[in-house]
1. Are there any trypsin sites (Lys or Arg not before Pro) in the range B:147-237 that are in a DSSP loop and have at most 15 other Cβ atoms within 10 Å? List them by number.
2. Using only the C-alpha atoms of the protein assembly as shown, find the volume of their convex hull and express it per residue in Å³.
3. Would you compute, from DSSP H runs of 4+ residues alone, the mean residue ellipticity of chain B at 222 nm, taking -39500 (n - 2.57) per run and dividing by the full residue count, rounded to the nearest 500?
4. Could you derive backbone 3J(HN,Hα) for the range B:40-57 from the dihedral phi with the Karplus parameters 6.51, -1.76 and 1.60 (θ = phi - 60°), listing whole Hz in sequence and x where the residue is Gly or Pro?
5. Which of B:Lys28/B:Lys155; B:Lys16/B:Lys203; B:Lys58/B:Lys93; A:Lys160/B:Lys114; B:Lys93/B:Lys114 have a Cα-Cα distance over 23 Å?
6. For the range B:28-81 and the range A:102-173, what is the separation of their Cα centres, given in Å?
7. If you place +1 on the Cβ of every Lys and Arg and -1 on the Cβ of every Asp and Glu, how big does the dipole about the Cα centre of the range B:13-225 come out, in debye to the nearest 20?
8. Would you kindly give the portion of the calculated P(r) for the range B:13-225 that falls above 24 Å, as a percent of all Cα pairs?
Amino acid sequence: MATLEAVAALVERARAAPWFAAVGAPLGAAGRGAAGDYLRGLGFAGLPIDGVADWPQAKALADAPDWDPAWWHAEERLRHRLLDAATSRHARAPLLAALTEAMMCASETAHDRAAHALASAGVADDALARAAAGAGAQACYLAALAAAAGSAADHLFGAKFSLFEAGRWPLGIVAGRLRLF
Amino acid sequence: MTEITPPQIATADALKSAPEEFQDLVRKIVVSHAVNELYGAQVFDEPAIQYAPTPYAKWLTCRVAMEEYGHHVRFKELGEQIGIPADDMTPEKHPPLSIFEFPLKTWEEFCVIKLLADLAEILQVEDLLQCTFQPLRNLARMTMPEERFHAQFGKDFCTELCQTPEGRAKVQAAIDHYFPYLPPFFGRKGSKNNALYRRWGIKQRSNEEMRADFIARARALVEDHLKLTLPTVPEAA
């Protein structure tokens, strides 16, 4: 049961995180380090990491038709493996309840913060706020799933969630580069 | 049916002192919304994430799925406050509406579901905005902005898909497939249940009025806006 307590701890971190507070700021060593850990874990070690200047550019990159689906598929394969591992450790109902709570909490908090960040940037785009919240909720879910499966704290999904916790939004790989808003 | 002046019930607790028939009708409609919001999230929204064409569309769909699930949670919480067991508000205890029996297969289908099925949901929620059971009225007001966003999501993505001949054909095929399942959502013509709902002021409009309004609004979207064809469906019995 200890690992479901780790999921509960993640809910608290999601609630306290300064979602999207650092988007558009220059990338520092810590952000590049966490992004590098995430890429390495996903099988894309050494890929260049680019910052993203503003919300319109972030939307264009996230919606780019030439995005590289390989990273999404790699995350999905890993998610399925983690789900198998987690369901072998926990009863299904409490596991799903814990994961749902993590996702719901992240979704609501991230949405409020994304709407605030967009308004502060003078961008009126309800759909973009929702997409940002969806990305945050998904990252929290993946980190919670890794925790429930008993993965190490430095799991790549933990590294991805730590980017959101640092106020960033990893937008995925486009044209051979990780785009980190 | 005898004319009555419907009571205005302000709280979940006050429902206990309302007439038995009023209580039963409120419970029935709360269960229906709680179950169908969850069915929708499970059958359409969650599977759609894999079909969405870009990360932006995937994340937006993920958020929409969370919002639909959140609606289920809100109706379920209200249901528990008025004494409905939680287990009675999950899909396991209720056969699905026919539209939920077809697994989603494409992104175009999902966009059409949002365009038209969420329009049907908007009409159902609009009808609760003047409901005499005020907690249900408040819940309708709370969920309405998100329901409107979901329908707009469907309209925006269908509009985008219709920019190419291939996309137009796929959207039309999805409309042809799913639209016939939607008018029956509004129930039978001359329904006794609907008459009871209106008698108690829980609902405002007849099934026939709702269905006619839905078809008119769907036609405006499909034929006037998308320049596609809305299938003709037989009038419900």
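Readers should treat all values here as calculations from the given coordinates under stated rules, not as data from a laboratory. It should be emphasised that the depicted structure is a prediction, and the values quoted were computed from it without experimental measurement. Positions of Cβ are generated from backbone atoms using ideal geometry, with glycine treated the same way; all protein chains shown enter the neighbour counts.
1. B:Arg188, B:Lys189, B:Lys227
2. Details: hull volume 62.0 nm³, N = 418.
Expressed per residue, the convex hull around the Cα atoms of the protein assembly as shown is 148 Å³.
3. Per the formula, -18000 deg cm²/dmol.
4. x, 5, 6, 7, 10, 5, 5, x, 5, 4, 5, 8, 4, x, 9, x, 4, 5
5. Violating the 23 Å limit, Cα to Cα: B:Lys28/B:Lys155; B:Lys58/B:Lys93; A:Lys160/B:Lys114; B:Lys93/B:Lys114.
6. The distance from the Cα centre of the range B:28-81 to that of the range A:102-173 comes to 19 Å.
7. On the way: 26 positive and 32 negative charges, 108 e Å.
Once rounded to the nearest 20, the dipole reads 520 debye.
8. Working: 9490 of 22578 pairs.
Result for the distance tail: 42 percent.
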